[in-house]
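Presented below is the structure to which this report refers.
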Amino acid sequence: MPKMKTKKSAAKRFKVTGKGVIKRARATKRHILTKRTTKNKRQLRGMVNMAPGDARSAQSMMPYAS
């Protein structure tokens, strides 16, 4: 049986921790940042854990991630 292919778009967007938790970046941090406050931009830094329902769909796109 052939190998399953990883969706490369998902592999670039999501990271899997050592325990198998999928992390994602926060939204609305790409462009038009002049209208956002400094506090808001600072709080959008970093990665956060995905919701369980979203994590299931991301896991199916990355079969060999965990």
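Miscellaneous remarks
- Among the candidates Lys23, Lys12, residue that is at pLDDT 95 or above and surrounded by 10 or more Cβ atoms within 10 Å (Cβ to Cβ): Lys23
- Subset of region 22-46 (residues that are closer than 19 Å to Lys7 by Cβ and either in contact (Cβ under 8 Å) with a residue 24 or more places away in the chain or polar (S, T, N, Q) (or both)): Ile22, Lys23, Arg24
- Any hit, region 34-43, residues being within 15 Å of the chain's Cα centre (by Cα) and surrounded by fewer than 12 Cβ atoms within 10 Å (Cβ to Cβ): no
- Residue ID - nearest to Lys23 (Cα to Cα), chosen from residues in region 46-62 that are in contact with a strand residue (DSSP E or B) (Cβ under 9 Å, 6 or more places away or on another chain) and assigned to a loop (DSSP other than H, G, I, E, B): Met50
The values are calculated or read from the model by the stated rules, or taken from the named source; none is laboratory data. For clarity, every value in this text was computed on a predicted model and none was experimentally measured. Because the Cβ atoms are built from the backbone with ideal geometry, glycine has one as well, and the counts that use them run over all protein chains shown.
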